[in-house]
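Below: one structure, written as structure tokens.
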Amino acid sequence: MSTIIYPSPIFGPVKSRRLGISLGINLMPADGKVCTFDCIYCECGFNADRRPRQKRPSRQEVAEALEAQLKKMHDEGVHPDVLTFAGNGEPTSHPDFADIIDDTIALRDSYCPEAKVSVLSNSTFILRPDIHGALMRVDNNILKLDTVDPLYINKVDKPTGHYDVNRIIDAMKRFEGHVIIQTMFMKGNYGGESVDNTTDDYVSPWLEAVKSIQPMEVMVYTIDRETPAEDLQKATHDELNSIRDRVIAAGIPCTASY
Ligand code: SF4
């Protein structure tokens, strides 16, 4: 399967399905992927197949590369809609994540004050006060919650360390609405078992958790690129639309990306 490894620390700008013209900030090494999850649908591949040899970029390297790119885009008249922390793994695992967020907000304010700062995170570090504080300072705090079923999480998201979904949901509530929940819906099989989370068995308890979190928005999406696990299938438009409409009926804005 051909999966993607992103340049580091800056990639793009790219046109994102959900975010518009997005300049990517990748806090992981440029030559591989490492993450606190090992999702079977990860566009970067499995951790074991993509182990990096290089180090992560330092705080200073990130700030210098970001400033150089923002200057270049400014001179070319290209205006990013969003500066997005994403890439080859979990951005909040960088030891200087909170300081990097502050640097990024300062650079955004100088070069492109209309742009939003977004973080795509798998939520594994949100129990830490410094990470919570940093995510409170960004515009779009986009946190993954694919399901509330621990068996499904272990099968599909495959946390590499201890992960207690109920503690994560409690930590999501502590953002007091300053959070966007992002959920992958898909179908197919992995390891001889179904990984379909579009059925009511999965959607109803997930929706109850979402309602308890009271996020500013929910983004539901499905597989868009090649995945390291074979035999996965996209959720259909109708399935995603139906889930989206249930979220909206609960009074929470929701978008579906196919
Ligand atoms: S959380 Fe994101 S980067 Fe990490 S394995 Fe899952 S899809 Fe890949």
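Coordinate-derived values only; no laboratory data. Note that the structure is predicted; figures quoted are calculated from it, not measured. Cβ: placed from backbone, ideal geometry, glycine included. Neighbour counts: every protein chain shown.
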Residues of the stretch 120-145 satisfying the condition of being farther than 16 Å from Cys39 by Cα and either within 12 Å of the ligand (Cβ to nearest atom) or among the charged types (D, E, K, R) (or both): Phe125, Arg128, Asp130, Arg137, Asp139, Ile142
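Being within 19 Å of the chain's Cα centre (by Cα), among the hydroxyl-bearing types (Ser, Thr, Tyr) and surrounded by 20 or more Cβ atoms within 10 Å (Cβ to Cβ): is that true of Thr160 here?
no
Among the helices (runs of 4 or more DSSP H) contained in the stretch 57-166, which hold 1 or more residues that are polar (S, T, N, Q), more than 30 Å from Pro205 (Cβ to Cβ) and touching a residue at least 12 places away in the same chain (Cβ under 8 Å)?
The helices (runs of 4 or more DSSP H) meeting that bar are 59-76, 97-111.
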The stretch 21-33: number of residues that are more than 8 Å from the ligand (Cβ to nearest atom) and assigned to a loop (DSSP other than H, G, I, E, B): 7
Residue in the stretch 178-200 that is farthest from the ligand (Cβ to nearest atom), counting only those that are at positive phi and exposed (fewer than 12 other Cβ atoms within 10 Å of the Cβ): Gly192
Residue that is nearest to the ligand (Cβ to nearest atom) [pool: residues in the stretch 167-177 that are among the hydrophobic types (A, V, I, L, M, F, W, C) and either assigned to a helix (DSSP H, G or I) or crowded, with 21+ Cβ neighbours inside 10 Å (or both)]: Ile168
Which numbered condition Thr36 fails, given (1) away from the ligand (no atom under 13 Å from the Cβ); (2) surrounded by fewer than 21 Cβ atoms within 10 Å (Cβ to Cβ); (3) touching a residue at least 60 places away in the same chain (Cβ under 8 Å); (4) under 16 Å from His94 (Cα atoms): (1)
